[in-house]
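Asks: Attaching a single structure in structure tokens format; questions to follow.
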Amino acid sequence: SAAAGSPVFATGSGVVEFAGQMGELGNTVVVDHQNGYKSSYSHLKDIRVRKGRSVSKGGIIGTVGVTGNSSGAHLHYEIMKDGKRINPEIFTHY
């Protein structure tokens with residue numbers, strides 16, 4: 001959970017693959033980091049990047065919101081490797 005309007009930062013450099021509304025996930029950004037890795041950020045209040053644009057690690061991609069099927073302000077964050085969800089905690093030491 002986080003306060004609505006808090007900035008959401010890209011966790012790695014890459015290219016925006018998707019930026020828009022994604023059903024129950026609401027406003028979502030998906031970043032392709034190459035080598036099969038992608039990250040997604042959902043329930044955003046607003047999106048500050050566009051599909052096809054490059055993003056840098058630490059760059060602001062949007063703000064925390066309550067969109068889609070959500071009952072409170074939070075960020076739904078996922079990392080995928082070759083299309084499979086993986087636990088983001090394995091990256092906390094990098």
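The values are calculated or read from the model by the stated rules, or taken from the named source; none is laboratory data. Predicted model, so just to flag it, every value in this text is computed and none were measured. Positions of Cβ are backbone-derived with ideal geometry, glycine not excepted, and every protein chain shown enters the neighbour counts. Only protein heavy atoms, including side chains, enter the accessible area calculation; ligands, DNA and RNA are left aside. Shrake-Rupley method; radii C 1.70, N 1.55, O 1.52, S 1.80 Å.
Asks: For region 10-62, state the average projected area of the convex hull of the C-alpha atoms over all orientations, rounded to one decimal in nm². Intermediate results must be reported in sequence, preceding the final value.
Replies: Details: hull surface 12.7 nm².
Taking a quarter of the hull surface, the average projection is 3.2 nm².
Asks: Given a 1.4 Å probe and heavy atoms of the protein chains only, how would you sort THR67, THR11, largest accessible area at the top? Numbers along the way, then the final one.
Replies: Numbers: THR67 30, THR11 70 Å².
I get THR11, THR67, largest accessible area first.
Asks: Using alpha carbon centroids, what distance separates region 37-94 and region 1-20, in Å?
Replies: Cα centroid of region 37-94 versus Cα centroid of region 1-20: 5 Å apart.
Asks: Please identify the trypsin sites (Lys or Arg not before Pro) of region 1-62 that satisfy two criteria: DSSP loop assignment and at most 14 other Cβ atoms within 10 Å. Which are they? Please report the intermediate quantities before stating the final value.
Replies: On the way: sites: LYS38, LYS45, ARG48, ARG50, LYS51, ARG53, LYS57; in loops: ARG48, ARG50, LYS51, ARG53, LYS57.
Answer in residue order: ARG50, LYS51, ARG53, LYS57.
Asks: Among VAL64, VAL49, ALA4, whose Cα sits farthest toward the positive end of the charge dipole of the chain (+1 at Cβ of Lys/Arg, -1 at Cβ of Asp/Glu, about the Cα centre)?
Replies: Going by the charge dipole, the pick is VAL49.
Asks: Can you give the convex hull volume of the alpha carbon atoms of region 24-94 per residue, in Å³? Mind dumping the intermediate values first?
Replies: Values: hull volume 7.5 nm³, N = 71.
Normalising the Cα hull of region 24-94 by residue number yields 106 Å³.
Asks: Turning to a different aspect of this structure: If you roll a 1.4 angstrom probe over the protein chains with everything in place, what fraction of the accessible area of the chain belongs to carbon and sulfur, to the nearest %? Please report the intermediate quantities before stating the final value.
Replies: Working: 2840 of 5720 Å².
Looking at the chain in its full context, I get 50 percent from C and S.
Asks: For the chain, what is the accessible area per residue in Å², given a 1.4 Å probe and the full set of protein chains?
Replies: Working: 5720 Å² over 94 residues.
So the chain comes to 61 Å² accessible per residue, rounded to a whole number.
Asks: Dipole of the chain, Cα-centred, from +1 at each Lys and Arg C-beta and -1 at each Asp and Glu C-beta, to the nearest 20 debye? The partial results should precede the final answer.
Replies: Details: 10 positive and 7 negative charges, 45 e Å.
That gives a dipole near 220 debye.
Asks: Still on this structure: With every protein chain present, what accessible area does ASP82 have (1.4 Å probe, heavy atoms only), rounded to the nearest 10 Å²?
Replies: Answer for ASP82: close to 110 Å² accessible.
Asks: Now a separate question. By how many nm would the segment from ALA3 to ILE60 grow when fully extended, if each residue of separation counts as 0.36 nm and the alpha-carbon distance is taken off?
Replies: Numbers: separation 57, 0.36 × 57 = 20.52 nm, distance 1.55 nm.
Taking ALA3 through ILE60 to full extension adds about 19.0 nm, to one decimal.
Asks: Roughly how many Å² of PHE18 are accessible to a 1.4 Å probe, to the nearest 10?
Replies: Roughly 70 Å² of PHE18 is accessible to a 1.4 Å probe.
Asks: Quick check: net charge around LYS84, other residues with Cβ under 13 Å of its Cβ, Lys/Arg +1 and Asp/Glu -1?
Replies: Numbers: positive: LYS38, LYS81, ARG85; negative: GLU78, ASP82.
Here the charged neighbours net out to +1.
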